[in-house]
Amino acid sequence: YDWVLPTEIPDKGRVLTRLSLWWFDQLADLVPNHVLSTELPPGAPADWEGRTLICKSLRMVQVECVARGYLTGSGLVEYNATRTVCGIGLPEGLADGSELPGPIFTPATKAAVGDHDENVSYEEIAREVGVETAAELRRTTLDVYRRARDIAHNRGII
């Protein structure tokens with residue numbers, strides 16, 4: 001979500017909102033979410049329909065929680081340079097799209113809007129947010145990954 005695409009995508013907001021709501025429902029027992037309502041507030045423009053969520057205001061932990069089961073993207077770039085991703089050593093011989101031996105937690109910093117998040121080690125996150133919070137973030141992230149992976153696998157997506 002931190003990449004600006006050069007072309008307009010019709011109904012992108014509606015599609016992303018529906019996807020988000022579907023995943024919130026699938027993961028509700030693992031991760032409570034912030035959604036209060038999908039109803040348009042009185043007086044809202046009609047074109048907001050399907051693009052609007054009324055949400056609780058929350059205090060965000062400034063960590064991008066990423067789980068990887070496959071090597072690609074920024075993880076691949078780091079692996080090619082160091083044979084690690086976020087300080088986690090990986091086997092030799094992996095290529096773009098290789099399945100990892102098991103899912104790994106690869107956190108990133110939360111960049112300002114328009115900038116890109118930066119991969120960091122688990123130890124850096126633990127120093128930043130505390131050992132207990134870091135452990136909870138890692139556990140929850142990997143639980144969410146496993147659930148999503150199983151859903152995708154059972155539907156023939158992966």
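Residues that are touching a residue at least 40 places away in the same chain (Cβ under 8 Å) and among the polar types (S, T, N, Q) within region 1-46 comprise just one, Q26.
Kindly establish whether V129 is more than 18 Å from G73 (Cβ to Cβ), of a type in the set (A, V, I, L, M) and at pLDDT 95 or above. It would help to see each step written out before you state the result.
Details: more than 18 Å from G73 (Cβ to Cβ): yes; of a type in the set (A, V, I, L, M): yes; at pLDDT 95 or above: yes.
Criteria met by V129.
Test D47 against the stated conditions and say whether it is among the acidic types (D, E), in a helix (DSSP H, G or I), modelled with pLDDT of 95 or more and not assigned by TED's automatic domain parsing to the domain that holds L142. Write out each step before concluding.
Values: among the acidic types (D, E): yes; in a helix (DSSP H, G or I): yes; modelled with pLDDT of 95 or more: no; not assigned by TED's automatic domain parsing to the domain that holds L142: yes.
In short, no.
Considering E118, E123, the condition of being touching a Ser or Thr at 6+ places or on another chain (Cβ under 8 Å), among the acidic types (D, E) and over 28 Å from R18 (Cβ atoms) is satisfied by E118 alone. Scan region 24-39 and give yes if some residue there is of a type in the set (V, I, T), surrounded by 11 or more Cβ atoms within 10 Å (Cβ to Cβ) and part of a loop (DSSP other than H, G, I, E, B), otherwise no. Yes, there is a match, as at least one residue in region 24-39 is of a type in the set (V, I, T), surrounded by 11 or more Cβ atoms within 10 Å (Cβ to Cβ) and part of a loop (DSSP other than H, G, I, E, B).
Quick one: which residue in A95, A81 is among the small types (G, A, S), over 17 Å from the mean Cα position of the chain (by Cα), outside any helix (DSSP H, G or I) and at pLDDT 95 or above?
Values: A81 fails: outside any helix (DSSP H, G or I).
A95 is the lone residue from the list that is among the small types (G, A, S), over 17 Å from the mean Cα position of the chain (by Cα), outside any helix (DSSP H, G or I) and at pLDDT 95 or above.
State all residues of region 127-158 that are β-branched (V, I, T) and either outside any helix (DSSP H, G or I) or exposed (fewer than 14 other Cβ atoms within 10 Å of the Cβ) (or both); if no residue qualifies, say none. Quick ask: steps written out before the conclusion?
Our first condition is that a residue be β-branched (V, I, T); within region 127-158, this holds for 129, 131, 133, 140-141, 144, 151, 157-158.
V131, I157, I158 - these are the residues of region 127-158 that are β-branched (V, I, T) and either outside any helix (DSSP H, G or I) or exposed (fewer than 14 other Cβ atoms within 10 Å of the Cβ) (or both).
With respect to (1) surrounded by 11 or more Cβ atoms within 10 Å (Cβ to Cβ); (2) in contact with a strand residue (DSSP E or B) (Cβ under 9 Å, 6 or more places away or on another chain), the lone exception for T72 is condition (2).
Here is a check on your reading of the model: is L21 surrounded by 10 or more Cβ atoms within 10 Å (Cβ to Cβ), assigned to a helix (DSSP H, G or I) and not aromatic (F, W, Y)? Yes.
Taking the stated definitions as given, is L90 assigned by TED's automatic domain parsing to the domain that holds Y145, touching an Asp or Glu at 6+ places or on another chain (Cβ under 6 Å) and under 24 Å from T140 (Cα atoms)? So L90 fails the test.
Selection of region 72-87 for residues being touching a residue at least 24 places away in the same chain (Cβ under 8 Å) and either out of contact with any Gly (no Cβ under 7 Å at 6 or more places or on another chain) or at positive phi (or both) yields S74, G75, E78, C86, G87.
Across region 50-66, what is the total count of residues that are free of Cβ contacts under 8 Å to residues at least 60 places away in the same chain and part of a strand (DSSP E or B)? Matching residues across region 50-66 total 3.
The values are calculated or read from the model by the stated rules, or taken from the named source; none is laboratory data. Keep in mind it's a predicted model, so treat the numbers as computed, not measured. Heads up, the Cβs are rebuilt from the backbone with ideal geometry, glycines too, and the neighbour counts pull from every protein chain shown.
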